[in-house]
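Notes to accompany the following structure.
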Amino acid sequence: RDSAMRHETYETDTVARAGDKYGHKIQKEKYGGAQIVPEGVPSNNVNGPGSGNVRVFLQTVTTSADDIDEIQTITTTADDEQTLGGGFKLQYARPGGTCKTRWGQDTTTMSADPSGCYYTTRLIPHDASPAEVKSAIEQGLNANQVEELWQINRENAVPGVGIVNVTRSGPDSQEGYVWSVTFSSASGNVPDLGIMNLLTGMGSEAVVETIREGNSLGGTFSLTFLGDTTRDMPHDIAPEDMKPILEADLPHVLRAHVVRNDPTRGLCTDVDCPTGPYPTGSRCSDGLCPDGPHVSGGFTWTVTLTTQWGNVSPRSPTDPLTTVEGLHRELLANDGGLSGFNARVTIVPSHGLSAFQRMAALNATIPFSL
């Protein structure tokens with residue numbers, strides 16, 4: 001039916017057919033209340049009197065947080081009265097590889113041997129322009145050219161850094177610069193880049209520091225339906241894990257069907273994959289998959305619930321209940337357990353916002369009989 005159709009709702013156990021001033025009793029404890037359909041066809045037992053049917057609720061559940069991009073800086077310096085030359089290489093992924101050595105909480109230095117790193121840029125000159133650094137990062141620290149990443153096979157791809165924006169300040173008196181790299185497409189908090197120092201000049205150093213961490217979703221949320229609430233669920237719960245929770249914790253639910261965007265999650269678990277609080281199990285964490293995680297690592301679950309609650313079942317074509325259907329009840333979210341700046345759960349009745357085109361076509365915003 002047209003989702004814009006208007007309904008008159010009743011919380012009591014008496015409802016009236018259109019044009020009937022007396023009203024008719026229904027079993028509120030069975031149907032949970034009911035409402036007249038003043039125009040159109042009521043959504044009750046469409047299979048005919050006496051036939052089995054269920055009431056179907058279509059829901060789209062989305063976790064999200066504000067989009068705050070990660071910013072890291074690359075700084076080159078040298079001793080006084082020295083002039084920098086040479087260059088450096090940037091590296092990413094394969095944490096704990098033989099190429100990485102930490103020299104402090106926020107600074108990562110790479111040794112001259114890149115064999116333990118997964119992605120390494122070409123040599124970046126000591127005075128490279130912002131455009132040169134951007135090009136080197138996007139071409140060297142991704143699984144493919146950025147314009148091709150949306151269509152590559154992700155099954156065995158190690159996610160890279162995605163699209164970046166670069167600015168530069170300097171030089172200082174030793175020809176040192178500071179490049180500021182903003183990770184504009186990657187989901188959530190991006191692990192630190194590594195840097196291989198190939199600069200010339202006494203006391204030359206090249207360091208990477210995180211100036212602003214990307215906003216990353218974490219924590220848990222729960223769902224409430226028809227007065228019952230689920231246990232806490234991880235912010236990135238897999239659909240095959242959400243389904244049994246909905247069926248077990250919500251007594252009125254007969255069956256649940258759940259799918260989620262980013263079907264590659266859980267595949268990137270080998271030593272090459274980057275680590276960090278952002279969606280580490282996703283091979284789409286560069287933000288360039290058509291169905292990957294949302295900004296800040298959010299996800300969308302397309303949920304179908306069936307129940308007998310509110311399932312008005314007329315016994316004959318003349319039954320007064322033929323013009324009546326069950327009340328509409330919302331699926332509610334409890335997002336107080338989520339972490340991340342302005343983390344939230346949004347629920348939309350219908351599948352209109354589903355990541356799956358065929359399911360998005362099921363845009364019924366009110367429950368229906370099936």
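Read-outs throughout are calculated quantities, based only on the coordinates presented, and are distinct from any laboratory measurement. What you see is a predicted model; the values in this text were computed from it and never measured. Positions of Cβ are backbone-derived with ideal geometry, glycine not excepted, and every protein chain shown enters the neighbour counts.
Computed 3J(HN,Hα) for segment 167-183, one whole-Hz value per residue from the Karplus formula 6.51 cos²θ - 1.76 cosθ + 1.60 where θ = phi - 60°, is 10, 9, 10, x, x, 8, 6, 9, 6, x, 10, 10, 9, 9, 10, 9, 8, glycine and proline marked x.
For segment 132-139, 3J(HN,Hα) computed residue by residue from phi via the Karplus equation (6.51, -1.76, 1.60; θ = phi - 60°) reads 5, 5, 4, 4, 4, 5, 5, 7 Hz, glycine and proline entered as x.
Taking a Cβ cut-off of under 9 Å around T63, the surrounding Lys, Arg, Asp and Glu residues balance to a net charge of -1, with basic ones at +1 and acidic ones at -1. With contacts taken as Cα pairs under 8 Å and at least 6 residues apart, segment 290-347 reaches a relative contact order of 20 percent. A cut-off of 5 Å between modelled amide H atoms, ignoring neighbours fewer than 5 places along the same chain, links A143 with G160. Look at where the Cα atoms of segment 118-139 and of segment 348-367 average out, and the two centres are 43 Å apart. Close amide H partners of M233, meaning residues 5 or more places away or on another chain with modelled amide H under 5 Å apart, are F221, S222. Within a Cβ distance under 10 Å of I74, other residues only, what is the Lys/Arg minus Asp/Glu net charge? Neighbourhood net charge equals 0. Measuring nothing but how far apart in sequence close Cα pairs (under 8 Å, 6+ apart) lie, relative to its length, segment 143-209 scores a relative contact order of 22 percent. For segment 156-265, relative contact order (Cα pairs under 8 Å, six or more residues apart, normalised by length) works out to 15 percent.
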